[in-house]
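The values are calculated or read from the model by the stated rules, or taken from the named source; none is laboratory data. Please read these numbers as outputs of a predicted model, since none were measured by experiment. Heads up, the Cβs are rebuilt from the backbone with ideal geometry, glycines too, and the neighbour counts pull from every protein chain shown.
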């Protein structure tokens with residue numbers, strides 16, 4: 001990210017990194033499986049033949065408690081006939097019409113599909129059995145303007161096992177904190193286009209990562225589901241909180257919409273033409289296996305990239321399974337890079353085994369539980385930084401001659417002469433293209449990594465293999481002499497320098513450009 005910000009230093013006000021939309025899921029884990037539900041019914045002395053009557057009575061109590069919540073706050077309860085109705089829009093219309101500034105806005109109810117339980121008769125055993133199944137039940141949406149979190153809502157399933165989802169917005173939360181701190185800002189919808197004190201705003205966003213999520217979410221659950229204690233009196237339990245979906249956004253605030261409008265088409269073109277499968281995998285922190293032919297190791301997921309016009313702006317999106325990386329031009333003057341994680345198991349965290357807090361730590365899959373929220377933020381921030389770093393070479397105004405001339409002259413390094421490069425020749429162009437591949441951006445490349453890229457076939461014998469290795473070593477020495485690459489200390493790996501990446505990108509692009517466009521540009 002530093003390279004991108006340095007490149008556009010005069011155009012950028014600052015950058016804000018933090019959560020955007022968050023969807024938490026509260027699960028009563030003992031009731032989330034059939035065995036646990038049977039134990040609960042046994043403890044509550046409820047027979048299976050009375051199951052329907054019992055759960056209908058409990059659901060009515062839960063519904064009435066939400067009606068009472070709205071009545072105490074003098075707010076409406078509205079039933080929606082269709083689950084496809086935009087509930088957010090309905091709630092905002094009610095808030096605007098009634099000039100609600102804080103507290104409960106409304107309670108919306110709707111029948112939707114859910115995972116619950118039902119009792120069936122087993123024809124073979126002739127006994128009643130409790131089965132998990134999909135069914136429809138009443139869901140309640142409670143919309144709030146929280147004094148600290150701002151606009152938010154909670155969705156409660158009024159039938160067992162009472163799943164609860166809470167939807168927050170990190171930028172909405174930030175605006176509340178900025179108001180409390182007295183920091184001026186300009187906001188358009190869900191985006192801050194200007195902030196008087198960017199470092200202070202970033203510190204407030206960082207504080208969101210240190211929040212005690214279970215306590216915060218439990219306090220919201222207590223408002224939406226106040227009868228949990230009485231309904232679950234025979235077997236008291238708390239919600240287990242997981243982060244189902246998260247969006248981590250890096251907002252680069254430009255000084256004017258015109259400056260971003262001039263740059264953004266080139267960013268889009270570069271993202272769609274230069275960021276292939278290997279680059280996107282690297283951005284998202286995935287290991288890219290050595291490619292020989294069509295061999296891709298154990299990678300089986302589909303990766304797609306698309307470009308669409310959205311109300312917020314032109315959007316580039318790279319999807320890897322259920323996770324994605326996006327780029328927007330929001331509100332004219334904000335370049336937003338956003339990583340969305342819906343399936344965290346593709347990522348790793350250094351932790352002990354589940355249920356063994358004092359056990360040995362190892363790299364294990366990232367959990368949805370809120371315990372791994374900080375690690376999730378680190379991974380998303382790293383993905384955003386790598387993506388912006390990949391865009392850093394766009395909009396370079398240096399003349400191509402200034403870049404090419406030093407490379408086309410012989411140089412001396414450690415009293416040894418190195419020949420000039422010829423970027424337009426096939427051999428040198430192939431070498432430059434090989435070292436600039438996306439898989440070498442983070443960990444660099446070795447001699448053995450370049451050999452399959454520079455030679456079309458494998459070496460027939462060990463003698464030929466040694467000759468190829470020596471030839472690649474001489475080419476690496478040539479690139480080091482021209483300061484296009486540098487050696488990573490105490491390793492056999494090399495990284496492309498900032499100067500090298502700029503020069504290689506420009507030279508390879510010029511080599512592929514057609515004469516008509518070059519003539520017009522000249």
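Taking residue 139 as the residue in question, decide whether it is closer than 30 Å to residue 47 by Cα and at pLDDT below 95.
Values: closer than 30 Å to residue 47 by Cα: yes; at pLDDT below 95: no.
No; evaluated as a whole, the condition is false for this residue.
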Single unsatisfied condition, residue 187 versus (1) surrounded by fewer than 21 Cβ atoms within 10 Å (Cβ to Cβ); (2) assigned by TED's automatic domain parsing to the domain that holds residue 251; (3) not in a strand (DSSP E or B): (3)
Residue tally, condition free of Cβ contacts under 8 Å to residues at least 40 places away in the same chain and either part of a helix (DSSP H, G or I) or surrounded by 15 or more Cβ atoms within 10 Å (Cβ to Cβ) (or both), over segment 456-485: 15
Flag for residue 148 being over 30 Å from residue 40 (Cβ atoms), touching a residue at least 12 places away in the same chain (Cβ under 8 Å) and either under 26 Å from the mean Cα position of the chain (by Cα) or crowded, with 18+ Cβ neighbours inside 10 Å (or both): yes
Test: residue in segment 38-53 that is in contact with a helix residue (DSSP H, G or I) (Cβ under 8 Å, 6 or more places away or on another chain), surrounded by fewer than 17 Cβ atoms within 10 Å (Cβ to Cβ) and under 30 Å from residue 341 (Cβ atoms): no
Of the criteria (1) in a strand (DSSP E or B); (2) not assigned by TED's automatic domain parsing to the domain that holds residue 16, which one residue 148 fails: (1)
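Would you check if there is a residue in segment 275-282 being over 20 Å from residue 16 (Cβ atoms), surrounded by fewer than 17 Cβ atoms within 10 Å (Cβ to Cβ), at pLDDT below 85 and not assigned by TED's automatic domain parsing to the domain that holds residue 439?
Taking segment 275-282 and keeping what is over 20 Å from residue 16 (Cβ atoms), we get 275-282.
Filter once more, keeping what is surrounded by fewer than 17 Cβ atoms within 10 Å (Cβ to Cβ): 276.
Those still in the list that are at pLDDT below 85 too: 276.
Checking the rest, the ones that are also not assigned by TED's automatic domain parsing to the domain that holds residue 439 come to 276.
Within segment 275-282 (the criterion being over 20 Å from residue 16 (Cβ atoms), surrounded by fewer than 17 Cβ atoms within 10 Å (Cβ to Cβ), at pLDDT below 85 and not assigned by TED's automatic domain parsing to the domain that holds residue 439), the answer is yes, since at least one residue qualifies.
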Per-region count, segment 335-349, residues in contact (Cβ under 8 Å) with a residue 60 or more places away in the chain and in contact with a strand residue (DSSP E or B) (Cβ under 7 Å, 6 or more places away or on another chain): 9
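May I ask you to say which residue of 292, 286, 266, 310 is over 26 Å from residue 23 (Cβ atoms) and modelled with pLDDT under 85? First the steps, then the outcome.
Values: 286 fails: over 26 Å from residue 23 (Cβ atoms); 266 fails: modelled with pLDDT under 85; 310 fails: over 26 Å from residue 23 (Cβ atoms).
The conditions single out 292.
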Residue match in segment 332-343 (condition: on the phi > 0 side of the Ramachandran plot and either modelled with pLDDT under 95 or in the same structural domain as residue 272 (by TED's automatic domain parsing) (or both)): yes
Selection count, segment 212-257, where residues are outside any strand (DSSP E or B) and in contact with a strand residue (DSSP E or B) (Cβ under 7 Å, 6 or more places away or on another chain): 9
Test result for residue 121, surrounded by fewer than 17 Cβ atoms within 10 Å (Cβ to Cβ), free of Cβ contacts under 8 Å to residues at least 24 places away in the same chain and assigned to a helix (DSSP H, G or I): no
